[in-house]
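Just below is one structure, and these are the notes that go with it.
The values are calculated or read from the model by the stated rules, or taken from the named source; none is laboratory data. This structure is a prediction, so every number in the text was calculated from the model and none was measured. Using ideal geometry, Cβ is built from the backbone for each residue, glycine included, and neighbour counts are taken over all protein chains shown. For accessibility, only protein heavy atoms count, side chains too; no ligands or nucleic acids. Shrake-Rupley method; radii C 1.70, N 1.55, O 1.52, S 1.80 Å.
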Amino acid sequence: MTVLLIFLGLVRHGKATAVAEELGMTQSSISHALKRLRGVFDDPVFLRRPHGLQPTQLALDIVPYVEEAVSRLDQALSLGQSFDPVTSHAVLRISALDYEVVLLMSDLLKHLDRFAPGIRLSVQSLGRKEAFAALLGRQIDLAIGYFWKAPDGLITEPLFEETYAVAVKKDHPDFAAGMSLSGYLAARHIVISTDGSLWGIVDRTLARDGQSRQVVAALPQFLSALGVVAETNLIVTLPRRIALSQAARFGLRVLDPPMTIRSFDLSMAFRTSDSSNKQLEWVRNQLRAQIKASGA
């Protein structure tokens with residue numbers, strides 16, 4: 001099993017040092033595993049290049065089979081696997097943007113602190129495609145976000161439905177009496193975008209009616225955008241729950257958008273092979289319980 005994980009790690013990273021760090025092993029252990037792989041397949045498996053290790057054609061050909069073998073082994077091991085949150089010292093690796101962190105991680109950490117004090121939480125901020133790749137590459141255990149389609153090998157489960165709102169500073173001179181469509185279109189906007197795009201769901205919605213808004217900045221995080229809105233006359237359209245949860249903190253008004261923007265499901269994604277993993281099932285149950293308790 002370890003040799004197979006090392007093989008997949010080398011395909012993914014191309015560097016023994018990165019694989020050693022990821023798996024908590026020494027570089028000599030990685031070198032020994034690579035030697036074993038070369039002996040088994042009677043092939044170099046990886047070629048040394050200036051940028052790192054390059055998989056041979058044979059290595060690329062067997063990747064799907066190795067991934068399937070690792071998945072099957074995981075399933076077999078999890079069948080007899082017991083999990084006690086009180087004594088566990090696992091590291092839980094999650095992908096979540098600051099929106100999900102603000103809404104979910106505080107309560108999850110409180111629960112871990114009380115019922116699973118040995119479990120450590122590692123959160124990465126990844127876009128949808130990157131999160132799916134990290135799940136399939138076994139770099140993370142769970143992803144939380146807006147996932148409208150998952151590749152083979154992954155399961156997505158909706159947690160709750162989310163709608164949109166508009167956040168403006170409390171004394172914004174243009175919205176004292178509320179928000180009209182003309183006022184919204186005349187305003188200067190921030191868009192939240194992990195890839196720097198100045199175009200989003202709001203712009204697609206407006207474009208269908210032949211309208212457009214003036215986007216002056218794209219920021220990668222919701223909290224940073226709310227901080228800017230609190231200090232300027234810029235406005236931001238964002239998921240309603242984070243707007244409401246942070247309005248008092250930043251001194252903001254939360255208004256309904258003057259047009260209908262389709263809602264979306266916030267979901268968690270995980271590997272199909274982890275469906276019966278007791279540890280991850282326990283964590284997923286905690287997230288489900290949080291959402292149920294909040295009335296979402």
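Available extension along the chain between Arg48 and Thr2 is 14.4 nm, counting 0.36 nm per residue and deducting the alpha carbon span.
Ordering Leu154, Leu97 from largest to smallest accessible area (1.4 angstrom probe), what's the sequence?
Values: Leu154 20, Leu97 40 Å².
Most to least solvent-accessible, the answer reads Leu97, Leu154.
Couplings 3J(HN,Hα) of segment 47-54, computed from phi: 9, 6, 10, x, 8, x, 9, 10 Hz, in residue order, whole Hz [Karplus 6.51 cos²θ - 1.76 cosθ + 1.60, θ = phi - 60°; x for Gly and Pro]. As a fraction of the 1.4 Å probe accessible area of segment 1-157, surface on carbon and sulfur atoms comes out at 54 percent. One compactness figure for segment 246-286 is 2.00, namely its Cα radius of gyration divided by 2.2 N^0.38 Å.
Name the chymotrypsin sites (Phe, Trp or Tyr not before Pro) in segment 155-238 that are in a loop by DSSP and that have at most 15 other C-beta atoms within 10 Å, would you? Show your work: numbers first, answer last.
Numbers: sites: Phe160, Tyr164, Phe175, Tyr184, Trp199, Phe222; in loops: Phe175, Trp199.
Sparse-neighbourhood loop chymotrypsin sites (Phe, Trp or Tyr not before Pro): Trp199.
How much length, in nm to one decimal, is gained on full extension between Asp152 and Ala217, taken as 0.36 nm per residue of separation minus their Cα-Cα distance? Walk me through the numbers on the way to the answer.
Numbers: separation 65, 0.36 × 65 = 23.40 nm, distance 3.56 nm.
This chain segment gains 19.8 nm when fully extended.
Name the aspartates and glutamates eligible as straight-distance cross-link partners of Lys278: C-alpha to C-alpha under 15 Å, and not fewer than 8 places from it in the same chain. Reachable aspartates and glutamates: Asp74, Asp84, Asp141. Within segment 215-259, whose backbone N sits under 17 Å from a point 7 Å along Cα→Cβ of Leu198? Once the point is set 7 Å along Cα→Cβ of Leu198, 215-220, 234-237 turn out to lie under 17 Å by backbone N, inside segment 215-259.
Let a ≥ b ≥ c be the square roots of the eigenvalues of the Cα gyration tensor of segment 174-270; is it rounded (a/c under 1.5), or, if not, prolate (a/b larger than b/c) or oblate? Rounded, because the longest to shortest axis ratio a/c is under 1.5. Summary: within the chain, the longest segment free of trypsin sites (Lys or Arg not before Pro) located in DSSP loops with at most 14 other C-beta atoms within 10 Å is 1-148.
Step by step: find N for segment 1-159, compute 2.2 N^0.38 Å, then divide the Cα radius of gyration by it. What's the final number? For segment 1-159, the normalised Cα radius of gyration is 1.18.
For segment 197-296, what is the charge dipole size about the Cα centre, in debye to the nearest 20, if Lys and Arg each add +1 at the Cβ and Asp and Glu each add -1 at the Cβ? Mind showing how you got there, number by number?
Numbers: 13 positive and 7 negative charges, 56 e Å.
The calculation lands at about 260 debye.
Projected label points at Lys278 and Ser245, each 7 Å from Cα along the beta carbon direction, are separated by 3.1 nanometres.
With all protein chains kept in place, the per residue accessible area of the chain amounts to 52 square angstrom at a probe of 1.4 angstrom. For the chain, the mean projected area of the C-alpha convex hull, equal to one quarter of the hull surface, is 18.8 nm².
Compute the Kirkwood hydrodynamic radius of segment 112-228, taking the inverse of the mean of 1/r over all pairs of distinct Cα atoms, and give it in Å to one decimal. Can you show the working numbers first?
Details: mean 1/r = 0.0569 Å⁻¹.
It is 17.6 Å.
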